[in-house]
Amino acid sequence: MEIIWQSHTLAKDGNCQEENEDAFSPNGNSAFSGEEPFICALADGATRTSFSSLWANLLVKSLADPYLGLTDSAVSTAQKEWSQTINEMKLPWHAEEKVKQGSFSTLLWFRVTPNPKESGEPGGPWEATAVGDSCLFQIRNEELITKYPIARSEDFANNPILISSIPERNQQIWETLSDKATRGTWSPGDQFLLMTDALACWFMRKTEQGNMPIQKLFCALQQPEVSDQSGFEKLILELRDSKAIKNDDTSLIYITIN
Amino acid sequence: MSYQAEISRANPTCFLFLIDHSSSMSSPLMGVQDNPRKAQFVMDALNKVLQNLVILASKDVEVRRYYQVGVIGYGSSVGPALGGNLSGQELVWVDELYANPLRIEERLRKESDGAGGFIEVKTKFAVWFDPIANGNTPMCQALQLAHDILYRWVEEYKFSYPPTVINLTDGESTDGDPRPIAESLRNLSTSDGNVVLLTVHASSNPLAQQSFFPNNAETLPDDVSKIMYEMSSQLTPNMLQTASELLGKPLDQNAKAIVYNAEISGIIQALEIGTRPANMR
C-alpha cells in the first residue's frame, strides 16, 4: 500500500496562525509505503471555549497508534494530559473560571489497511469514526462515493456535538459512538479528503448543485506556492471573499492511495 | 436578515446597562421584608452579569475585545456609574473591565459532589459596583444619554451586531414620557439591525404577577407597565432561542423584550437572555 498525502490549514480571517484551533495528523506533504495500517486524525477546537487548540492537538496525538481506534481510553489519555497542562499554568481569574467549562473539539479518526498480501486482492478496508462535523469524503474516478458523517449540506448545524476535556461531559458520546462509526473498502487510485466544517459544507453543497468542486480543489492543490501563499490558501481566501464559505479555521487532509 | 453579524474583534458589539438608583430601590425586592433590598440585589446581579461577560470573552489567558460595556446610573444624578479606575467612562472594552474591578471577593458556591450531594467551593467574585439608592427616576435623561453614546457607537461600528441596552428599574419615569426617546434609541442601527432595548422591572409587591416577555400589552396591569411595554424592543432571534432554552418552552415570535414585576429568578433569567451574545467568534 502506498499513500501520498498533503495537509493544509488556514486560520480564520482576523486571527493569526497561532490562534488556529484546528489540529491534524499527518502534517505537511509526504508519502508512506508499507503493510501497516495508516491513520489520519482531524480535530476542530471550539472557539467558545478556552484552550481548545491544546485540546484538539492532544486528541489528535492520542490517536497516533495505528492499532487503536477512537476509544474512551485514547480520549482519557488526552484528558489527563490536558488537565495536567492546565493545572501547571498560573491562570488569571477569568481563565480559571472559564476553564471549568472544559475545552471542546470535533474529532475525526480514519484508518486504511491493505488486504493481506497472500490474498492477492488489491485494495483493502477503511474505517472512520467522527464526533462533530469534521467530514470524510471518498472519491473514485472523480466521483464522490462516500460522505461521512454528514450526508447533506443543510445538516451542518451551529452547535455540533463535541468531545469535552472533562470526562463527565462525554457520557452521551460514548453511548452512541459505535453506532456512528463507519467502514468501507478502497481500491487503488481512490482519494480521501478530510475537511473541517466550513470547507466540507461548501464541498457538499457544490456537489449537490451538480458542480465539480473536486476539480476546483485538486486544481488549487496542484498550484505552486506563490509569495508564501499556497494554492489551498488562495482558494480558501477566494471562497471567503465571495461568501461561499464561512470565515472559520479551515483544514484539509488529501490522500491518494495505491 | 438582522442580528446575524458575527461578533469578533474586528466587528465587536456593545452592552449598555441603565441602572435605576432611585430611593425606592432601597426597599426589599417584591416588598418581602426578608428579601434583599432591590439596590443590593440588582448590584449583585449586575456584578455577576459583568463577570459572565468577562468570562465569555476569556480565551486562553487573555480577554478578547469582543464587546464594549457601559453602565449609566440614574437617580439623584445621571451619568456613567462604573467606579474606580473606570470612573467617568461611558464605555470600556471588556478587557479593561476585567482589569479594573473595585475589588475581588471570594465567595462560596454550592456544587455537586458527583455522589448526589453538594460541596461548597471557593469562587472568585469581581465587584464593580456597590448599591446606591438616592433620588428620583430620571429615566428620560438616562435614555437620552444612552442615545447620545450609541449614536456615536453605531457610526463607528457600522457593520457590527447592534448594541443591547438593558434598563433595570423598579418604577416609573419622573422626568416625562420615556417613549419618544426610547423610540429614538431603538431607531439607531448598524447594517445588522436596530439597537435592542430590554426592560427589566423589579417587583415591589408580593402579590404582583410577573409578566415574562409578553406578546401583547393586554395582560399588563397598569399604565406604567404598558408604557414600558411600548418602550421595549421585540426579542431578537437569539434572545428567543436563549429564552426558550432557559425556560424549556418556546416563546411567541412577537414577544417583547420586557419582564415586568420580575421576581428574583426572573431578573436573573432576563439578564442572561439579554447578555448571551449570538455568533461570537
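The values are calculated or read from the model by the stated rules, or taken from the named source; none is laboratory data. Since the structure is predicted, the reported quantities are computational estimates derived from the model, not experimental observations. When we count neighbours, we look across all protein chains shown, and the Cβ atoms used for this are built from the backbone with ideal geometry, even at glycine. What goes into the accessible areas is simple: the full protein's heavy atoms, side chains included, and nothing from ligands, DNA or RNA. Shrake-Rupley method; radii C 1.70, N 1.55, O 1.52, S 1.80 Å.
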- Query: Cα to Cα, under 16 Å, and not fewer than 8 places away if on the same chain: which aspartates and glutamates meet these conditions relative to A:Lys12?
  - Reply: A:Glu21, A:Asp22, A:Asp44, A:Asp197, A:Glu233, A:Glu238, A:Asp241, A:Asp248, A:Asp249, B:Glu6
- Can you work out D for chain B in µm² s⁻¹ from Stokes-Einstein, where Rh is the Kirkwood radius over C-alpha pairs, the temperature is 20 °C and the viscosity is 1.002 mPa s? 112 µm²/s
- Message: For a bin width of 20 Å, list the pair-distance distribution of the protein assembly as shown built from all Cα-Cα distances, rounded to whole %.
- Response: 20, 46, 27, 7, 0
- Go from 0 up to the bin containing the longest alpha carbon distance in the range B:1-115, width 10 Å each, and give me the % of pairs per bin. 12, 35, 32, 18, 3, 0
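Rounded to the nearest 20 debye, what is the charge dipole size of the protein assembly as shown about its Cα centre when +1 sits on each Lys and Arg Cβ and -1 on each Asp and Glu Cβ?
Approximately 240 debye in magnitude.
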- Apply 1/(1 + (r/R0)^6) to the Cβ-Cβ distance of A:Arg183 and A:Gln101, taking R0 = 41 Å, and write down the FRET efficiency to the nearest 0.05. 0.75
- Of the convex hull enclosing the alpha-carbon atoms of the range A:1-136, the direction-averaged projected area in nm² is 9.6 nm²
- Message: Residue by residue through A:87-94, how many Cβ atoms from other chains fall within 10 Å of the Cβ on average?
- Response: 5
- Message: Treating only the Cβ of Lys, Arg, Asp and Glu as charged (+1, +1, -1, -1), what charge dipole size does the range B:1-135 show about its Cα centre? Round to the nearest 20 debye.
- Response: 20 debye
- Note on the structure: Sorting A:Gln101, A:Ile257, A:Gln17 by the position of each Cα along the dipole of chain A (Lys, Arg +1; Asp, Glu -1; all at Cβ), the one nearest the positive end of that ordering is A:Gln101
- So what is the 222 nm mean residue ellipticity for chain B from helices alone, if each DSSP H run of at least 4 adds -39500 (n - 2.57) and you divide by all residues, rounding to the nearest 500 deg cm²/dmol? -9500 deg cm²/dmol
- Message: Using the basic label-point model (7 angstrom from Cα toward the beta carbon), what is the B:Ala115 to A:Asn141 distance in nanometres?
- Response: 6.4 nm
- Query: Using the membrane-span-like helix rule (whole DSSP H runs, Cα extent along the own axis of at least 20 Å, mean Kyte-Doolittle hydropathy at least 0.0), which helices of chain A qualify?
  - Reply: none
- Note on the structure: Expected sort for A:240-253, B:192-205, A:177-190 on mean C-beta neighbours within 10 Å, highest first, is B:192-205, A:240-253, A:177-190
- Item | Simple label model, 7 Å out from Cα along Cβ direction - B:Glu105 to B:Val224, nm | 2.8 nm
- Choose one of A:Asn247, A:Ile161, B:Gln209: the residue whose Cα lies farthest towards the positive end of the charge dipole of the protein assembly as shown (beta-carbon charges +1 Lys, Arg; -1 Asp, Glu; about the Cα centre). B:Gln209
- Drop in accessible area of at least 30 Å² in the complex versus isolated chain, residues of the range A:1-47, 1.4 Å probe: A:Lys12, A:Glu19, A:Thr47
- Query: B:Ser244 label point, 7 Å along Cα→Cβ, cut-off 18 Å on backbone N: hits in the range A:148-164?
  - Reply: A:155-160
- Item | Where the protein assembly as shown is the region considered: accessible area per residue in Å², 1.4 Å probe | 44 Å²
- Using only the alpha carbons of the range A:89-174, determine the length spanned along each of the three principal axes and report them from longest to shortest in whole angstroms. 61, 35, 23
- Work out which helices of chain B, taken as complete DSSP H runs, extend at least 24 Å along their axis over the Cα atoms and score a mean Kyte-Doolittle of 0.0 or more, then list them. B:38-57, B:139-156
- Task: Mind giving me the nanometre distance, one decimal, between the label points for B:Thr123 and B:Ser265, set 7 Å out from Cα along Cα→Cβ?
- Result: 1.7 nm
- What share of the DSSP beta bridges in chain B is antiparallel, in percent to the nearest 5? 50 percent
- Task: Out of all DSSP beta bridges with both ends in the protein assembly as shown, state the antiparallel percent to the nearest 5.
- Result: 75 percent
- If unit charges are put on Cβ atoms (+1 for Lys and Arg, -1 for Asp and Glu) and the dipole of the range A:43-157 is taken about its Cα centre, the option from A:Tyr67, A:Phe137, A:Ala43 lying farthest towards the positive end turns out to be A:Ala43
- Message: Placing unit charges on C-beta atoms (Lys and Arg positive, Asp and Glu negative, everything else neutral), compute the dipole magnitude of the range A:3-152 about its Cα centre in debye, rounded to 20.
- Response: 280 debye
- Message: Nearest 500 deg cm²/dmol is fine: what mean residue ellipticity at 222 nm does chain A get from its DSSP H runs of n ≥ 4 alone, each adding -39,500 (n - 2.57), divided by its residue count?
- Response: -9000 deg cm²/dmol
